[in-house]
1. Taking 8 Å as the Cα distance limit and 6 or more residues as the minimum spacing, I'd like the relative contact order of the chain as a percentage.
2. What do you get for the angle between helix 79-92 and the principal long axis of the chain? Use alpha-carbon atoms, 0 to 90 degrees, nearest ten.
3. Whenever you get a sec, line up Asp54, Asp15, Asp9 from highest to lowest accessible area (probe 1.4 Å, protein heavy atoms).
4. With N denoting the number of residues in the chain, provide Rg(C-alpha) divided by 2.2 N^0.38 Å, to two decimal places.
5. Go ahead and estimate [θ] at 222 nm for the chain from helices alone: -39,500 (n - 2.57) per DSSP H run with n ≥ 4, summed, over the residue count, rounded to 500.
6. Report in % the part of the accessible area of the chain that belongs to carbon and sulfur, leaving out ligands and nucleic acids; probe 1.4 Å.
7. Pick out, in residue order, every one of the GluC sites (Glu not before Pro) in region 6-93 that is DSSP loop and has at most 14 other C-beta atoms within 10 Å; say none if there are none.
Amino acid sequence: QAKQFSFPDLLAPIDLSEALSRYSKVPLLFADPAGEALCPPKGDCVLLVGPEGDLTATEKALIKQRATFFKLTPTILRAQTAAVLSVGMLRSL
């Protein structure tokens, strides 16, 4: 009804370090309650969503070297909810 026929590409899960190196040429965004307000990049980007129960401190440090942390809500969301909300926010900005 809204005639919005642009759909994100959803790929199979891969190892975190592989993901960070595979997508080294596009902006990475990571949803985290400690992040800032979302400022979407121009063009393509990669959205990282953590697992249920959060990431380890080592994983977050690795991601922080490469990705922009942005805030969805002040609380931690379920992974599925965070993914859907993140894509919705990106599309609306």
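The values are calculated or read from the model by the stated rules, or taken from the named source; none is laboratory data. Predicted model, so just to flag it, every value in this text is computed and none were measured. Positions of Cβ are backbone-derived with ideal geometry, glycine not excepted, and every protein chain shown enters the neighbour counts. Heavy atoms of the whole protein, side chains included, go into the accessibility calculation; ligands, DNA and RNA do not. Shrake-Rupley method; radii C 1.70, N 1.55, O 1.52, S 1.80 Å.
1. Numbers: 87 pairs, mean separation 32.1, N = 93.
In percent, rounded to a whole number, it is 35.
2. That helix lies at roughly 50 degrees to the long axis.
3. Working: Asp54 65, Asp15 90, Asp9 140 Å².
Largest to smallest exposure gives the sequence Asp9, Asp15, Asp54.
4. Output field value: 1.07.
5. Helix contribution divided over all residues of the chain: -9000 deg cm²/dmol.
6. Numbers: 3920 of 6840 Å².
Carbon-and-sulfur percentage of accessible area, whole number: 57.
7. Values: sites: Glu18, Glu36, Glu52, Glu59; in loops: Glu52.
Within region 6-93, the qualifying GluC sites (Glu not before Pro) (loop, at most 14 other Cβ atoms within 10 Å) are Glu52.
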